[in-house]
Each structure stands twice: as C-alpha cells, then as structure tokens.
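Each remark here refers to the structure printed beneath this line.
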Amino acid sequence: MTITKDKLRGGYYTPAEVARFLCDWAITSPRATVLEPSCGNGAISSCAVERLMSLGASKAETDAQVIGVELFEEEASKAALLGGKIIAGDFFSFCKQGGEFHGPFDAIVGNPPFIRYQDFAEEYRESAFELMRSYGFKPNRLTNIWLPFLVVCCHLLSDEGRLAMVIPAELFQVKYAAETRSFLMEHFQQINVITFKKLIFDGIQQEVVLLLAEKTADDQGGIRVIEATDASSLASLTSKSISDMPTKRKLPGKMKWQGYYLSEDALDLLQEVKGLSGITQSSALFDINVGLVSGQNSYFLQNKDNARTRQIEQSCVGIISRSFQLNGLSLTNADFDRQIELQRNVLLFLPTEDGLTSADVQYIKQGEEQGINKNFKCRVRKPWWRVPTSWKPDAFFYRQVGSYPRIVLNEAEVHTTDTLHKVRFADGIDGKSVAVAFNNSYTFLWSELLGRSYGGGVLTFEPSEARELPVPYNVSIQWDFEKADTLAREGKIEALLDYVDRKLLIEGLGLTQNDATELRRAWHTLRDRRLSRKTS
C-alpha cells in the first residue's frame, strides 16, 4: 500500500466532547449492541463502553456488545486497551463475509475517514463500492470514502436503531451525495443534523456536521437542523432537548440541504417565485465553461516589463488570470490597460508555429531547460508551448465567490485562465441586460443553494452548477448599465440589489417589497453563515 496511514484515515481523530455526545445520544439501553466501523485509537468505541456501563452494563458485557473495526493493527491495539471487541482489518471486507458484522446493531457510531477516491487503496475501495452497488447506489470517481461507510452502516441498524456519525458538511451540498440525501430521508423516520458555527477540528479547513438518524420516531418525524457554537457547546444538548425541537419538512426535489437553514417563509417564497413565468434558467441565457489551462502560469503569463525584456511582447495576447483583476460589471479596454500598467500578469505567451521570432525560440528553449515541457498539460499537446484557447468569452463568471457571485462583461475581448469561467451569451440575448439582472436577491439566494463551500468561506461553482442558476429575465426592462456598473465598482452591492430588485422582482415579477426583503434576508443568512468560516 502506497498511501500513508494518516492519509487513509483522513488525518484527524474525534474530539472527546464529540465522541461522548454521539454515544450518549445513540446508546439508550444497557443491552444495546454497538458498532464503530472505523474506530482508530478508540476515541469513540471507549466512549461507547463508558456509556453502556453508565446505563448499568458490566465491563464484561460491554466487551461483547461493542464491536470496533480498524484497518491498522497499531491503532486497533490502542483501541483494544480501552475496551470492547476491537478487530483489525478492512470493514467492508468483513461486511461482505457476513457473520457478526451483519448485525443488526442497536447503535452505530463513528467518524469515518474523509478520503478522496484516488487516495483510497483499490482493494478496499472495490469492496466498499461493491457493497454500495448491492444497495442500489452508483458510486463514481467523485465519491469520497465517508459515503460508503455511511450507506453500509445504515443497512446494519436494527429496526429501532440509531446512527450517530461525524460527516463532512459536503453531505449538504455536493452532487455525488444527492442520492444519499434522498436515501437518508427515505430510510430514517427522523434525522437530526448538528452544525457548528466554528470549525471543530484543529488545524484543518474541514467543516463537519453530526448526523443523528433514527429508524423510528415518536411522532411523524422529519428533519431538524440545530446549530451549535463548537464542540464544547454539545454538553447543553440532550436527547430530550433535541426531540423537543420542531422539525422541518422535506426540501423539494433535489434542493441541497443548505435550504434547511432557511425559514419556512423563505422556502415557501422560493417555491412560489420558481413557478413564475419570468424565471429563466441561466443555461437558456448563456453557455458557460472553464477557462484555459496553460500548464504553467508562471511561465506562460507575463507582465508588461518581463514580456518586453524577453522581447516576446508581440507574441502575447491579453488574458485575465485572477479575479481581483476585474472590477464592476464590465472589463473595458481602459480597465485592461490599467492592469497592464500595474504590471499584472495579464499577457499570455501564445506564439504561432509559422511566426516564431528568434526571441520566441529562445524563450521556448528556456522553458525546456526548466522542464516546463514535461508538465502533464504541456507534454500531451503538440507543440508543448502552444496553449489551447478555444473561444474568447463574452463575459467572465466567478468560479470562486467571496461576498456575492458576479458576471463581468469582456469588452476588452481577452482570454481567461480557469481561475474564472467563461461565458458565451445565447443568440439574441443582450449581455449587458444579463450582467445587470443577475444582481438580484433571488439569484443570489440560489447561488448559495447551488454552489459549494468547504469551510474556508469561499463559494465554488462548477459550470454545471452555474448553468442551473435561475435568473429573472425581462427583455422589456431598460437598464441603466452605467449606474449599475458604478455601484458595483464602488462596492455598493446592497444599493445595486435595491435597484435591480425594484425593477426586476417587484415591478417585473409582481412581488411585494416584503417578498423582496425576505429573499434578501434569506440570502444574507446563508452568505453570512458561509463567510463566518472564513479565516483571517
């Protein structure tokens, strides 16, 4: 095995407060059978033993009732010293063999490793995926390994069992977990999700949630999303206090679970607006795709002085390489000239084969001496120094979003790297109208529901997610583009939203001012929660 132990385990163990909380909630009887599928050094399995003993079980009984599995013998040995029946080996292989691993278990607790597909050893990955497929799932190369741990464990619970796990917050938002979200809602009568205002693992930007799922519930069931401050604040949450909290209805369709942070009024309004005739999916307004990949930006992207010194200026074309090089709703020729004067790397070395100058040849030779031609993206193209460019964008779409999403027109007609997505407007669509109309509270709210954030405060869009954004679009509205552009350049985003919401949502769609305010408030709720994870 080439992967390191820390990498395979996901690299971090469960804080004591979290381990105790999971076991206290999941284990409700001294006779409960308990499984910990990835027990590591025993942080959670030992808490399971303590919980059972506090309910009246003897130490000898807990050694039979608590089963822990750990891939690495060294860690399994540590866990075994703390109690329970600890077995070294691959959890998924054991499950395929059957026996005691088929359960059913009254409580399953754990913190499964967060490992990408390519970092998980094939022998273990195939066993995990085979089990998922047997349950009707379709794992793929995007599937993180925490997901098969969760899915398999759900099928090992008793009829009245409880599952309590540390799960990455991407459960709420990534597409590859969509079928799992639907499965959880069908498989469990009651789901409780504990989220945190602060990151609970030291030293890493991994946002997690605690998933508390019950096969049966006292009432009709549903879902609760409870926000705690940090791990220490879990001490104030009990099983009873959680069950006394109101539940929320299922979210419609394939909406990601960030929607559970919204009020019922906001969810009702989202559905109401979605059904209006003036709402257009962005894919009907523009095509969107990734920007170009040079293979080595430090070599291919130049500032003015470097290009001039190397005498390759005539073989360079304009390019935007970073989002901070944009301002307002349009990149004008004057804006781009300003970036050149600021010595920004906005010149792409793009010589043609039949027009190479001696300076170009010399610079290409320097690249080969530096090994640039051996980089993957360079060595798979012929010639290695010719960057594929495809079409120039009509506009830029921010791939990574800070405070709010943006579309910026490309009046300077330059290229862009994959730091930004490139936009091409559909025939008959006025780009300026789209660039202004995009800045409304409804679209901004949906951007938080469709994009992905992983703990650092940045909202990320893949082209497929951007294509799904709903945009109220009305060709009859006459926009003051200069006014909107000025507000954006001055950072007056709330004033820009006021302007667009008034003309587009209230006058155009017929929403009330209260409706527009509710949409704005909902967007603020999700955006501010995301930005609160941003580190200084």
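The values are calculated or read from the model by the stated rules, or taken from the named source; none is laboratory data. Being a predicted model, the structure only gives us computed values, none of them experimental. When we count neighbours, we look across all protein chains shown, and the Cβ atoms used for this are built from the backbone with ideal geometry, even at glycine. The area values use the complete protein model at the heavy-atom level, side chains included, leaving out ligands, DNA and RNA. Shrake-Rupley method; radii C 1.70, N 1.55, O 1.52, S 1.80 Å.
Annotations
- Cα-based shape type of the stretch 75-234, given that a ≥ b ≥ c are square roots of the gyration tensor eigenvalues and the cut on a/c is 1.5: rounded
- Full extension of the chain segment joining Ser263 with Asp219 gains 13.7 nm, where the gain is 0.36 nm per residue of separation less the Cα-Cα distance.
- Whole-angstrom Cα spans of the stretch 26-88 along principal axes, big to small: 31, 19, 16
- Cα centroid separation, the stretch 124-187 to the stretch 242-318: 26 Å.
- Listed peptides 506-519, 45-58 appear in the order 45-58, 506-519 once ranked by packing, highest mean of other Cβ atoms within 10 Å at the front.
- Surface accessible to a 1.4 Å probe, Ile279 within the full protein complex, Å²: 30 Å²
- Total charge dipole magnitude, the chain, about the Cα centre, Cβ charges on Lys, Arg, Asp, Glu only, Debye to nearest 20: 760 debye
- Cα gyration tensor shape for the stretch 389-536, rounded if a/c is under 1.5, else prolate or oblate: oblate
- The accessible-area ordering, largest first, of the residues Tyr473, Tyr363 stands as Tyr473, Tyr363, per a 1.4 angstrom probe.
- Heavy-atom accessible surface of the chain: percent carbon and sulfur, 1.4 Å: 46 percent
- 5 angstrom amide H check on Asn303, placed H, neighbours 5+ away: none
- Computed label-point distance, nm, for sites Asn306 and Asp230 using a 7 Å Cα→Cβ extension: 4.1 nm
- Between Tyr176 and Asp244, the FRET efficiency from the beta-carbon distance, with R0 = 56 Å, is close to 0.95.
- Distance between the stretch 470-507 and the stretch 13-79 - C-alpha centres, whole angstrom: 56 Å
- Between Val293 and Ser403, the simple label model (points 7 Å from Cα in the Cβ direction) yields a spacing of 3.3 nm.
- Computed over the chain, relative contact order equals 12 percent, with contacts defined as Cα pairs under 8 Å that lie 6+ residues apart.
- Label-to-label distance, Ala426 versus Glu130, with points set 7 angstrom from Cα along the beta-carbon direction: 4.7 nm.
- In plain terms, the chain from Glu462 to Glu186 could stretch by 96.5 nm, reckoned as 0.36 nm per residue minus the Cα-Cα distance.
- The stretch 96-226 - charge dipole about Cα centre, Lys and Arg +1 at Cβ, Asp and Glu -1, debye rounded to 20: 460 debye
- Heavy-atom accessible area per residue - the stretch 255-342, 1.4 Å, Å²: 45 Å²
- The helix-only estimate of mean residue ellipticity at 222 nm for the chain, built from DSSP H runs of length n ≥ 4 each weighted as -39500 (n - 2.57), is -10000 deg cm²/dmol after division by the residue total.
- One chain, two ends: Ala88 and Glu482. Fully extended at 0.36 nm per residue, the span grows by 135.2 nm beyond their Cα-Cα distance.
- Computed accessible area, Asp498, all protein chains, 1.4 angstrom probe, square angstrom: 80 Å²
- Rh by Kirkwood over Cα pairs, then Stokes-Einstein D for the stretch 65-112 at 0.890 mPa s and 25 °C, µm²/s: 217 µm²/s
- Cβ-placed point charges (K, R +1; D, E -1), dipole of the stretch 248-318 about Cα centre in debye, nearest 20: 260 debye
- Three-way shape call for the chain based on the alpha-carbon gyration tensor, with the a/c threshold at 1.5: oblate
- Accessible area of Met255 in the full protein assembly, 1.4 Å probe (Å², nearest 10): 20 Å²
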